[in-house]
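For reference, the structure discussed in these notes is given below.
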Amino acid sequence: MASQEILREEPSRGSFINDPKVRGIVFQAVVVIVLVALVWWIVQNTIDNLTRLRIASGFGFLRGRAGFDISDSAIAYSSDSTYGRAIVVGFVNTLIVAAAGIVTATIIGFILGVGRLSHNWLIRKICMVYVEVFRNIPPLLVIFFWYSGVLSVLPPPRESINLPFSSFLNQRGFYFPRAVWGEGSWLILVALLLGIAMAWFVARKARQRQMATGQQFPVFWTSAALIIGLPLLAYALSGFPLSFDYPKQSTFNLTGGFQVKPEFLSLYLALSFYTAAFIAEIVRAGIMGVNKGQTEAAGALGLRPGSILRLVVIPQAMRIVIPPLTSQYLNLTKNSSLAIAIGYPDLTATTGTVLNQTGQAIECVLIMMVVYLALSLLTSAVMNVVNARMALVER
Amino acid sequence: MKHIAIGILGAATLGLVASAASAATLDDVKAKGFIQCGVSTGLAGFSAPDDKGDWQGIDADFCRAVAAAVFGDGTKVKFTPLSAKERFTALQSGEIDVLSRNTTWTINRDTALGLNFVGVTYYDGQGFMINAKKLPGVNSALQLSGAAVCVQSGTTTELNLADYFKTNKMEYSPVVFEQLSEVDAAYDAGRCDVYTTDQSGLYGIRLTLGAPADHVVLPEIISKEPLGPAVRQGDDQWYHIVKWTYFALLQAEELGITKANVEEMKASENPEIKRVLGQEADTKIGTDLGVSNDWVVNIVKAVGNYGEMFERNVGSGSPLKIARGINALWTKGGLQYSPPIR
């Protein structure tokens, strides 16, 4: 121990000012002080200016009555609700469109990414053209493309396109029957959950058995039977409590049923298709990053091409794919703020309206920044956990 | 390192000086040589660029009148097109000197938003427009239950709409956009059944639609929309200049002073006309306000009186053909009234 202490001691440079350690600490302290002073000055200046201009400040306005309506709301909201609730409605809408977009973009992206490496010339080229087109168009234009597509191609409400199962498609969106759950329908939900749990258990057991004995078990069909069959059984047992609310023609629009508005539809489609192009490239890079020897070795073991992709290539590719995939998810979430251009009430749009009705610009922008930051950090955190589980476990 | 620190401190000090100096708008305006005027992104009759790119309309002309009062030259204006959402922040932050953008005067905007409205350049009210061809038989706003309604976000219109349907126990689904042009496009494409905004605006928008004759404005007016220019709080001198520019326009109409006869009127024997036009001996009316004594002459030379401004932009001289109605002078049964200039 003593010898180490002696080794660490640096030769004296004579003057205290010339000591690099002391200089380092002093300079860092100066930077911190300047930074704090700058932030303090900005905040102070803002407060002074707001007082001078007699602009009310603080977050008390969130409790005021909003007074405006929101077209698309997943939670209960009316013009009597508060400004705070209006912002929450916008936040939930952002979450919905981001979540739906992420799932769809991932599915399309994976299909395209694998398709670009297909042995079939046509599939390969179609995927390539798709990726090159969507990757090189600004997302706002993609959104406008879908929105004007929805508005100009589809017919007005009185001439709706009839689709199977009493669904309708027109300029005002996509209408389909809404399920109305009667008495005793909780049993169906319980049955569904039970079915999923049992399917998971069966899959686990089957895996263990295959590991131990090599015998396979038809997991897919058993799971499907459990997940679909059990709720159906419960439905019959509880006396068919489900009925449907069908969309009907009224003076102006179709009423009843469930309506997916064109604003949501075009934003969701645009974000999915746009981001899918990037995900496709990431997936392609991931697959190409897996050594060719792996595929050949798997082939030599007698696995079929589908199984090689599923069991050997993709699991290894995922390690390369996940980190850049996280950035794409974050991008999609942030791009959802382009909703404002087509009037989908996401966080940016509703908070913007609140901003304008109350004039609390600084507070509203602060809320938006904090919410988007939190949302992005949360997505990152989740993806980091997934990444850690996917990472190469060395044995 | 020391140099950087000094630099930051220096910049900070400069910033402080700059923010303190912005209190006197008149000095700032004179120093830069023009008035920065916030207008709409394009509303026929109020503020919209013409085919040469010059801004036309009552709101644009009002800014020219202020420029004429300050500089003696109505062309010393620069226009900033603003969406409904951007307009107050632009004024609060000092990006513009006057907000003249078909903006409704409300108590909230006068108090919590830190603005001062100077008067009402146009008394308006909110109305509804529908496509009569697609919706035959609808002739009252009370038949609109269940309709999809297009509206611009962040406006008093949006709030009145919610109140009106709630009061009359009707349902509607709002279709909300930030930009007026987006609302126009959505209505024209059939995304919504009804377009709602100030009635004057509806007449203007109707002209820009694919088939104007198909659309009718319903008779109901559901709100009071006094539209007027606004300035920032905390600068009384600038507030007075803008306010009295508005009154001068009214006073000129009341006294029969027009763009054509203003030079002759200067020689008038009528003491009131002489006083208003700054022809009284040793008059201090203009200089007390902070402008030259012939400020009213300059205003009328630049844009005419209020009546001329109205007829040229929204009245009989324009495609909108809106009648004076309650926007007539008080002497003719309207609401436009100027306190005495003396």
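The values are calculated or read from the model by the stated rules, or taken from the named source; none is laboratory data. Keep in mind the model is a prediction, meaning the values are calculated, not measured. Heads up, the Cβs are rebuilt from the backbone with ideal geometry, glycines too, and the neighbour counts pull from every protein chain shown.
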Determine whether the stretch B:159-174 contains at least one residue that is among the charged types (D, E, K, R), within 16 Å of A:Y344 (Cβ to Cβ) and within 7 Å of chain A (Cβ to nearest Cβ).
no
In this structure, does A:L62 turn out to be free of Cβ contacts under 8 Å to residues at least 40 places away in the same chain, aliphatic (A, V, I, L, M) and not assigned by TED's automatic domain parsing to the domain that holds A:M128?
yes
In the stretch A:17-53, what residues are surrounded by 11 or more Cβ atoms within 10 Å (Cβ to Cβ) and closer than 30 Å to A:V89 by Cα?
A:T46, A:I47, A:L50
State yes or no: is A:V97 crowded, with 16+ Cβ neighbours inside 10 Å, in contact with a Phe, Trp or Tyr (Cβ under 6 Å, 6 or more places away or on another chain) and part of a helix (DSSP H, G or I)?
yes
Restricting the stretch B:109-122 to residues that are touching a residue at least 12 places away in the same chain (Cβ under 8 Å) and outside any loop (DSSP other than H, G, I, E, B), the one farthest from the other protein chains (Cβ to nearest Cβ) turns out to be B:Y122
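Yes/no per residue for (1) surrounded by 17 or more Cβ atoms within 10 Å (Cβ to Cβ); (2) in a helix (DSSP H, G or I); (3) away from every other protein chain (no Cβ under 14 Å):
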{"residue": "B:V176", "(1), (2), (3)": "yes, no, no"}
{"residue": "B:R191", "(1), (2), (3)": "yes, no, no"}
{"residue": "B:Y195", "(1), (2), (3)": "yes, no, no"}
{"residue": "B:G204", "(1), (2), (3)": "yes, yes, yes"}
{"residue": "B:G210", "(1), (2), (3)": "no, no, no"}
{"residue": "B:S223", "(1), (2), (3)": "yes, no, no"}
Restrict the check to the stretch A:199-220 and report whether at least one residue is within 14 Å of another protein chain (Cβ to nearest Cβ) and surrounded by fewer than 16 Cβ atoms within 10 Å (Cβ to Cβ).
no
Looking at B:G125, B:G137, which one is out of contact with any strand residue (DSSP E or B) (no Cβ under 8 Å at 6 or more places or on another chain), small (G, A, S) and more than 8 Å from chain A (Cβ to nearest Cβ)?
B:G137
For the structure I just gave you, tell me whether B:S200 is part of a loop (DSSP other than H, G, I, E, B) and more than 10 Å from chain A (Cβ to nearest Cβ).
no
